[in-house]
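The structure appears right after this line, and notes come after that.
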Amino acid sequence: MSWDQPDRDALFSLVLGLKIGENHQRDLMDWLEEITLRDQSKIQVLLTGKVIKDIESDPRLGRADKLKRIKQQVRRLRFPRLVHVEDLIRARIQELKLQPEIKVTVPAGLEGGSLRVEFAASNHDQLKKQIAKLTEAAEKDSIAKIFALLAGKITENP
Amino acid sequence: MQAFQPEEVIVERGSETTSIYRNLREKLPHVPFKIVDGVANGDSDFSARGFGTAKKKLVLTRHKGEFLKKCPGSDGQVCCNYFVINFASNCPMDCSYCYLQEYLAENPALKVFSNVDDLLIEAAKLLSKHRAFFFRIGTGEITDSLALDPYIGFTREVVPFFAEQPNALLELKTKSDCVDGLLDLDPKDRIVVSWSMNPQRVIDLDEHGTASCAERLRAARRCQEAGYRLGFHFDPMVEYPDWEQDYEEMLEQTFATVDWRRISWLSMGVLRNTPGLKRTMRDRFPSTRLLTGEQVLCPDGKLRYFQPLRVEMYRKMLGWIRRAAPTVKVYLCMESKEVWEQVFGFAPGCEKELGIQLANFGF
């Protein structure tokens with residue numbers, strides 16, 4: 001795809017400012033091209049929008065954190081429904097109040113349709129407590145909602 | 001459907017005595033034919049000129065390897081135990097998403113293999129050696145089964161052969177409406193003619209040079225009336241705003257046109273590509289909206305719509321299919337057991353199980 005000069009300039013400025021490596025650049029370029037193809041928008045407009053500019057100029061963030069947040073933001077625009085389902089699942093996981101002892105995660109891109117549960121115990125009592133906590137959580141509506149979302153029952157729109 | 005009119009037919013010496021050559025000569029009287037001593041190894045000339053350009057010349061050559069192979073499927077996905085016959089390579093049509101753009105990138109010449117007699121000898125040996133095994137065999141893996149048939153007459157040689165085989169079902173899979181050559185043959189319930197189906201909107205945008213949805217359905221009805229079993233492959237399903245309305249209408253048209261009780265199987269599969277194929281699509285079809293779907297990389301290296309989204313698509317399609325055709329056999333192409341479970345509530349125990357089910361539904 002050929003880029004207009006203002007689009008190239010906007011990306012160049014971002015890449016230069018954050019010293020973005022080749023792989024991250026490729027991700028960003030692909031996502032930006034696909035967003036603009038889908039939405040008939042302009043890359044320059046996306047990259048100079050308030051959200052990206054605020055991240056770029058946030059003095060509390062280092063270079064790596066800025067890049068991470070900008071990529072998250074562009075990913076959010078590129079995959080709005082995927083990110084929406086991920087957000088819904090994350091909210092349901094938080095409702096379970098299991099963390100940090102018990103870690104509940106879903107696979108990247110939600111592929112596989114399964115929930116991963118991790119915990120560690122250093123003695124028998126701790127193990128019993130965590131299993132009890134997990135058993136209690138398994139009965140909650142939030143867990144059923146997570147599995148429903150993983151199985152394609154997406155009821156809320158982004 | 002766009003008529004096939006190659007710029008030239010290149011014939012490898014020795015192939016000019018075959019029936020395929022004679023058919024080509026008769027059907028393409030205004031096309032120049034060039035006899036050559038050998039087709040270059042690796043087809044570097046065609047490869048350099050690009051995938052699209054390679055479709056403009058037809059090469060008639062002998063196939064040196066085996067014709068019949070097990071379908072490779074996709075790593076870790078439920079497999080349907082299918083065999084493929086490669087009687088040609090590449091396709092005169094030009095779908096934006098076609099995986100051959102990557103698969104045949106180094107060898108893109110549009111080739112037809114002239115030694116059909118060798119193909120039939122090989123098939124006869126294999127089928128007679130394994131009489132206890134039932135083979136489902138297709139010819140549409142690296143080409144379209146019927147798009148070239150009006151010019152080469154391939155089906156007139158293979159259909160009578162497979163119609164007599166007690167342990168095989170031949171599937172001819174197409175996006176064309178080139179069925180005239182089939183209609184006066186007797187399939188004896190051993191031949192399934194199947195169509196890759198998409199709504200007209202997808203055909204217009206991304207299935208270049210193929211038959212329209214209505215033309216495919218008319219051709220399907222003619223085949224059904226001539227005694228053939230039918231198959232339909234809703235693959236690749238494409239997700240876009242209002243896709244539901246288009247796909248539901250397409251299914252209604254399908255079941256209004258053909259008798260679903262004589263459909264052997266239906267399959268569903270969403271759009272899938274690899275990162276490499278996506279790069280090729282960007283180069284060849286930069287404005288295709290297929291690039292903008294919410295696809296993620298799956299463990300088998302293919303990009304698909306993220307799982308909850310595609311499961312939702314499959315479920316909706318299945319609901320519309322079941323409304324019109326309650327007991328027709330439906331399966332998923334290149335999907336994991338988890339997706340099968342989420343869509344159907346079960347997954348085949350092994351590839352043999354799905355293969356046997358499909359073979360049984362062939363009758």
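The values are calculated or read from the model by the stated rules, or taken from the named source; none is laboratory data. Computed from a predicted model, the values in this text were never measured in an experiment. Neighbour counts run over all protein chains shown; Cβ positions are idealised from the backbone, glycine included. Note: areas computed on protein heavy atoms with side chains; ligands, DNA, RNA excluded. Shrake-Rupley method; radii C 1.70, N 1.55, O 1.52, S 1.80 Å.
Would you say A:Phe79 is among the aromatic types (Phe, Trp, Tyr) and open to solvent by 30 Å² or more (accessible area, probe 1.4 Å)?
no
Can you find even one residue in the range A:136-154 that is among the β-branched types (Val, Ile, Thr), open to solvent by less than 70 Å² (accessible area, probe 1.4 Å) and more than 10 Å from chain B (Cβ to nearest Cβ)?
yes
Please work out if A:Arg90 is buried (at least 18 other Cβ atoms within 10 Å of the Cβ) and farther than 20 Å from B:Trp340 by Cα.
Details: buried (at least 18 other Cβ atoms within 10 Å of the Cβ): no; farther than 20 Å from B:Trp340 by Cα: yes.
Considered against the rule, which asks whether it is buried (at least 18 other Cβ atoms within 10 Å of the Cβ) and farther than 20 Å from B:Trp340 by Cα, A:Arg90 comes out as no.
Tell me, please, whether a residue that is more than 19 Å from the chain's Cα centre (by Cα) and either at pLDDT 95 or above or within 14 Å of chain B (Cβ to nearest Cβ) (or both) can be found in the range A:28-35.
Checking the range A:28-35: at least one residue is more than 19 Å from the chain's Cα centre (by Cα) and either at pLDDT 95 or above or within 14 Å of chain B (Cβ to nearest Cβ) (or both).
Could you please let me know if B:Ser128 is closer than 30 Å to B:Asn167 by Cα, hydroxyl-bearing (Ser, Thr, Tyr) and open to solvent by 40 Å² or more (accessible area, probe 1.4 Å)?
In short, yes.
Quick check on my filter: what residues within the range A:48-72 are touching a helix residue (DSSP H, G or I) at 6+ places or on another chain (Cβ under 7 Å), open to solvent by less than 80 Å² (accessible area, probe 1.4 Å) and under 24 Å from A:Gly109 (Cα atoms)?
A:Val51, A:Ile52, A:Lys66, A:Leu67, A:Ile70, A:Lys71 - these are the residues of the range A:48-72 that are touching a helix residue (DSSP H, G or I) at 6+ places or on another chain (Cβ under 7 Å), open to solvent by less than 80 Å² (accessible area, probe 1.4 Å) and under 24 Å from A:Gly109 (Cα atoms).
Looking only at residues in the range B:329-342 that are among the hydrophobic types (A, V, I, L, M, F, W, C) and open to solvent by less than 10 Å² (accessible area, probe 1.4 Å), which one is farthest from the other protein chains (Cβ to nearest Cβ)?
Residue satisfying both the conditions and the ranking: B:Val330.
Any idea which of B:Arg322, B:Arg279, B:Arg310 is farther than 14 Å from B:Ser96 by Cα and within 14 Å of chain A (Cβ to nearest Cβ)?
None of the other options fit; the residue is B:Arg310.
Could you tell me whether any residue of the range A:102-109 is within 11 Å of the chain's Cα centre (by Cα) and under 23 Å from A:Ala151 (Cα atoms)?
Yes, the conditions are met somewhere in the range A:102-109.
So A:Val51 clears everything in (1) assigned to a helix (DSSP H, G or I); (2) within 22 Å of B:Tyr240 (Cβ to Cβ) except one condition, right? Which one?
(2)
Has the range B:110-120 got any residue that is part of a helix (DSSP H, G or I), surrounded by 20 or more Cβ atoms within 10 Å (Cβ to Cβ) and either of a type outside the set (Lys, Arg) or free of Cβ contacts under 8 Å to residues at least 60 places away in the same chain (or both)?
Yes: one or more hits.
Touching a helix residue (DSSP H, G or I) at 6+ places or on another chain (Cβ under 9 Å) and within 11 Å of another protein chain (Cβ to nearest Cβ): is that true of A:Glu86 in this structure?
yes
Would you mind telling me which numbered condition in (1) aliphatic (A, V, I, L, M); (2) closer than 30 Å to A:Glu56 by Cα; (3) without any contact (Cβ under 8 Å) to a residue 24 or more places away in the chain A:Ala121 fails?
(2)
Go through the residues of the range B:214-234 one by one and say whether even a single one is part of a helix (DSSP H, G or I), of a type in the set (Lys, Arg), away from chain A (no Cβ under 14 Å) and open to solvent by less than 10 Å² (accessible area, probe 1.4 Å).
As a first pass, look at the range B:214-234 and keep what is part of a helix (DSSP H, G or I): B:214-225.
Among the residues that remain, those that are also of a type in the set (Lys, Arg) are: B:216, B:218, B:221-222.
Still in the list and also away from chain A (no Cβ under 14 Å): B:216, B:218, B:221-222.
Still in the running and open to solvent by less than 10 Å² (accessible area, probe 1.4 Å): B:216.
Yes.
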